[in-house]
Amino acid sequence: MDNSIRVNFPPVSLKIVVAVHFVLTIWGDQIGWLPGSYLFCNLLVLTVGVWAIASPTNEDASQMFLLGMLFTILHDIIVIAIYYDSDHPRFLHQGSHYRFCVGMAILSLILKPLSCLLIFQNHRSRGGEQGYSWSGTPYVTIEGHTSSQPQQGYTPVPAPGQPSSS
């Protein structure tokens, strides 16, 4: 019996994910209370999302979009925590507009983990793997087989000048 929990989300287009985060990013930084890195980082990741939309069979595009979105979660937490100031004199006269921008930035941050799950589901539907290995296997045959050990029946070619074993 498999003790793992499986959650299946309905297929959602990456277009919806990119569009929602684009709107929330723009609304979140309307009055410029966040540094330029917030806008740059989020729009760069959304550009990778457009690449993932434009090439639906490319696993790398969806993987880069997922990794970028995971990075923006951490980046947004740090930036919002540092730059949010409810009593800043620059924003006192903008009251509700400032609160709206802060709310949109926080809403974007809250939706990002769900977006990551949807992007991961999209990545898997493109043929992406669940587990990532950052190191390749040391042995690749001419036929394209990969393993840490040679295939059964493999006989090494003798070096020049050495007699063959058969």
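Data for the structure
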quantity	calculated
Pair residue 92, residue 74: separation of 7 Å Cα→Cβ label points (nm)	3.8
Accessible area of the stretch 80-130 divided out per residue, in Å², using a probe of 1.4 angstrom	61
Total charge dipole magnitude, the stretch 1-121, about the Cα centre, Cβ charges on Lys, Arg, Asp, Glu only, Debye to nearest 20	220
Length added when fully stretched, residue 117-residue 100, from 0.36 nm per residue minus Cα-Cα	3.5 nm
Per-residue SASA entry for residue 88, accessible area with 1.4 Å probe, Å² rounded to 10	70
Within the stretch 113-128, backbone nitrogen closer than 15 Å to the virtual label 7 Å beyond the Cα of residue 57 toward Cβ	126-128
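The values are calculated or read from the model by the stated rules, or taken from the named source; none is laboratory data. Everything numeric here is computed off the predicted structure, so don't read it as measured data. Please note: Cβ atoms are built from the backbone with ideal geometry, for glycine as well, and neighbour counts cover all protein chains shown. Side chains included, ligands, DNA and RNA excluded: accessible areas come from the protein's heavy atoms. Shrake-Rupley method; radii C 1.70, N 1.55, O 1.52, S 1.80 Å.
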